């Protein structure tokens, strides 16, 4: 019934020329997915599953002859260490991994790293080979590199340290300490070389150097050379063992590079490499903006520069800020002439009431979401489009509506107008739908957007004027509650304001007023007369 009523309302609006007859493409988060992603029960289940899987894996390993003497100690140690891992993560990294899917990626990857080591030990043991071979064929840098690229450096270090500690329990006692050291050094090398990753070939380099570190450490700890049953080592065997270690490192880099796109899609994570790919200005929407709303395009480029610099100053995702800034105002493409940066001599708002003008301005957010969904833009970009105005007030038209109401009341007093004809003005009708910024990057773009718009009205640019404008805008955003759900701290806001001022000062620097051609000739003539 409700659907039928919507159809009738849309038909009536279409008859009045107030609707195109097309239904806007809606973008709503899947409630079920959202609830699962933030479910405490699901998160607890992941922790419990990790504990049980770790114990079962250790139990399986204790069935080998290598561990027949101390199985209960191995199991107890694994249980206690797993509890320590969960505790450390909860205390130090919970805020960085708020979603269940990312928690599954973290602990699932941790378990897989230990599983690969245990498989290597089991296979080597069953074939009667030296357990040293298990060290040289285990890709110790695999999961640390994946976590470093997808989840950040600190999660990469977390997985390196604790996967190495768990792996230690799966090696024979005479190799356990050596495996621990090699796993840590190799993993940390992979994490260090994948920090700030922007090019895919860097992953291969990280894999190669991780293998090189494994090789050097293996020689240093006398894991190499590996003696055979006769105790005789040929030179060729040394070379083969060294090539195997370096080859495992290269394979690790190749595998990580190949599996990253699939993991990004599966866990809805965007790496810096993907952000750089998305920054291509030849995207269909950006090309449309350049042609149909050039003022908005220029505004977006400046906002991108401001947001990127601010994000770098506080350690936020600068690549994401740049790309999301490109698209944050794409909703203005549909009616570019209604926005001041695209207007010429004519202003279409002159023929509209303040309420209608506000509706057109506010609609650019919904139009932007509509376009972003149709063109399958990244979810983070859609969130920025939705949040960059929060539920702030379209103050210019709200004030104009109040002024019109005051004029109408004066006409009522003069007897020229009935009191019933005086329009009611509610601030709610002049506010954006929201929500406000919910990430640091979205908050930065929200501030950069307002500050760039305000800076264009400045006549004579000075550093003090720039700082005053920035302080006023940031303070007003805070007072209006636009940053209530944004995780930016006051110290970070201070750094962001300083960066905005520095960037704007360099972009809006004053130029020398060169004289015109006629003025030059006059000046030249007067100089000749003096001489």
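Please give the helix 153-168 orientation as an angle from the longest Cα principal axis of the chain, in degrees from 0 to 90, rounded to the nearest 10.
Its long axis makes an angle of about 20 degrees.
Would you kindly state how much longer the chain becomes between residue 374 and residue 427 on full extension, computed as 0.36 nm times their sequence separation minus their alpha carbon distance, in nm to one decimal?
Gain on extension, residue 374 to residue 427, equals 15.9 nm.
Using a ≥ b ≥ c from the Cα gyration tensor of the stretch 385-473 (square roots of the eigenvalues), is it rounded, prolate or oblate, where a/c under 1.5 gives rounded and otherwise the larger of a/b and b/c decides, a/b for prolate?
oblate
Extent of the chain along each principal axis, from alpha carbon coordinates, in Å, largest to smallest?
Extents along the principal axes, in whole Å: 111, 90, 39.
Quick check: the angle from helix 440-455's long axis to the longest principal axis of the chain, C-alpha only, nearest 10 degrees?
It works out to around 30 degrees.
What order, most packed first, do the peptides 207-220, 47-60, 377-390 have when packing is the mean number of other Cβ atoms within 10 Å of each residue?
Averaged packing, sorted descending, gives the order 377-390, 207-220, 47-60.
Run the numbers for residue 92 and residue 472: contour at 0.36 nm per residue of separation, minus the present Cα-Cα distance, in nm.
Using 0.36 nm per residue and subtracting the Cα-Cα distance, I get 133.3 nm.
When the scattering of the stretch 207-314 is computed by the Debye formula from its Cα atoms alone, each counted once and equally, what is log10 I(q)/I(0) at q = 0.18 Å⁻¹?
-0.98
Among rounded, prolate and oblate, which fits the stretch 33-269 when a ≥ b ≥ c are the square roots of the eigenvalues of its C-alpha gyration tensor, a/c under 1.5 means rounded, and a/b larger than b/c means prolate?
Verdict is oblate for the stretch 33-269.
Where Rh denotes the Kirkwood radius from the mean inverse Cα pair distance, what is Rg over Rh for the stretch 294-428?
Expressed as Rg/Rh, it is 1.11.
For the ranges 327-339, 113-125, what's the packing order if you count other beta-carbon atoms within 10 Å of each residue, average per peptide, and put the highest first?
Sorting 327-339, 113-125 by mean packing, highest first, produces 327-339, 113-125.
Taking the Cα of residue 409, stepping 7 Å toward and past its beta carbon, and measuring to each backbone N in the stretch 426-442: which are under 16 Å?
426-427
Between residue 254 and residue 485, how high is the FRET efficiency from 1/(1 + (r/R0)^6) when r is the Cβ-Cβ distance and R₀ = 51 Å? Nearest 0.05.
Computed FRET efficiency for residue 254 and residue 485: 0.80.
Taking only Cα atoms, what is the 0 to 90° angle, nearest 10, from helix 517-530's long axis to the longest principal axis of the chain?
Roughly 80 degrees between the two axes.
Got the relative contact order for the stretch 33-269 handy, in percent, Cα pairs under 8 Å and 6 or more residues apart?
18 percent
Suppose a student asked you for the relative contact order of the chain, using Cα pairs under 8 Å spaced at least 6 residues apart; what percent would you report?
Taking the mean separation of contacting Cα pairs over the length of the chain, I get 10 percent.
Just to be sure I understand the model, the point goes 7 Å from the Cα along the line to the Cβ. What's the resulting residue 123 to residue 494 distance in nm?
Once both label points are built, they end up 5.6 nm from each other.
Could you compute how fast the stretch 83-213 diffuses translationally, taking Rh as the Kirkwood radius over C-alpha pairs and applying Stokes-Einstein at 20 °C with viscosity 1.002 mPa s? Give it in µm² per second.
143 µm²/s
I'd like the FRET efficiency for residue 84 and residue 268, computed as 1/(1 + (r/R0)^6) with the beta carbon distance as r and R0 of 22 Å, rounded to 0.05.
For residue 84 and residue 268, the calculated efficiency is 0.15.
We did not get these values from a lab; they are worked out from the coordinates using the rules stated. Small disclaimer: the values here were computed from a predicted structure and weren't measured. Cβ atoms come from the backbone with ideal geometry, glycine included; neighbour counts cover every protein chain shown.
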